[in-house]
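Here the structure comes first, spelled out in structure tokens, and everything after it is commentary.
Each reported figure results from applying straightforward, stated rules to the coordinates on display, with no laboratory input. Predicted model, so just to flag it, every value in this text is computed and none were measured. All Cβ positions, glycine included, derive from the backbone under ideal geometry; neighbour counts span all protein chains shown.
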Amino acid sequence: ESQVTQVRSEFEKTLQQREQEWAQAKELEEIEGHRKHLSSLLEKYNPEKLDSVESLLEKYKGRYLELYANIEKKYGKSNEGVNAGSSRLVSLPAFATQFLPSEAEAMRLFDDLDENKNGTLSVGELKKVWDTFFLKLEHKLSLMK
């Protein structure tokens, strides 16, 4: 019985180490994505600030969307490229569209998911859209009537 307890203890310790390693790897991957996005924003709006990427990431750790919104607001280009040439009713800042598919991708997915081909998506089909394009976001899908 003591050997079983020892093996169980070693297994649990190894499992905890692996979970910590996975969490660290996930965090590093997430930070790298934010580093790339922030670099592209600064390169577009103010290339002289590219050397401040690391300090901005540290300052806004966990609040990256706030950072992107501040950059968009400061440089006054929040709608650039988002609604160009369209008559959309809603304008979104660039940071809010980073996970959105292209129009062609969205229409292809709509056609694929419109199982009964009636031109509408059910709530279940909408959840598939959410799962396909927004897995990186930790928010849950919410529909209101």
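Extension gain for residue 37-residue 117 works out to 25.1 nm (0.36 nm per residue, less the C-alpha to C-alpha distance).
The HN-Hα couplings worked out from phi for the range 22-28 by the Karplus form 6.51 cos²θ - 1.76 cosθ + 1.60 (θ = phi - 60°) are 5, 4, 5, 5, 5, 5, 4 Hz, whole numbers, x standing for Gly and Pro. Among residues other than residue 52 with Cβ under 14 Å from its Cβ, the summed charge is -1 (Lys and Arg +1, Asp and Glu -1). For residue 24, the shell of other residues with beta-carbons less than 14 Å away shows a net charge of -4, using +1 for Lys and Arg and -1 for Asp and Glu.
All other residues whose Cβ lies under 12 angstrom from that of residue 14 are scored, Lys and Arg at +1 and Asp and Glu at -1, for a net of -1.
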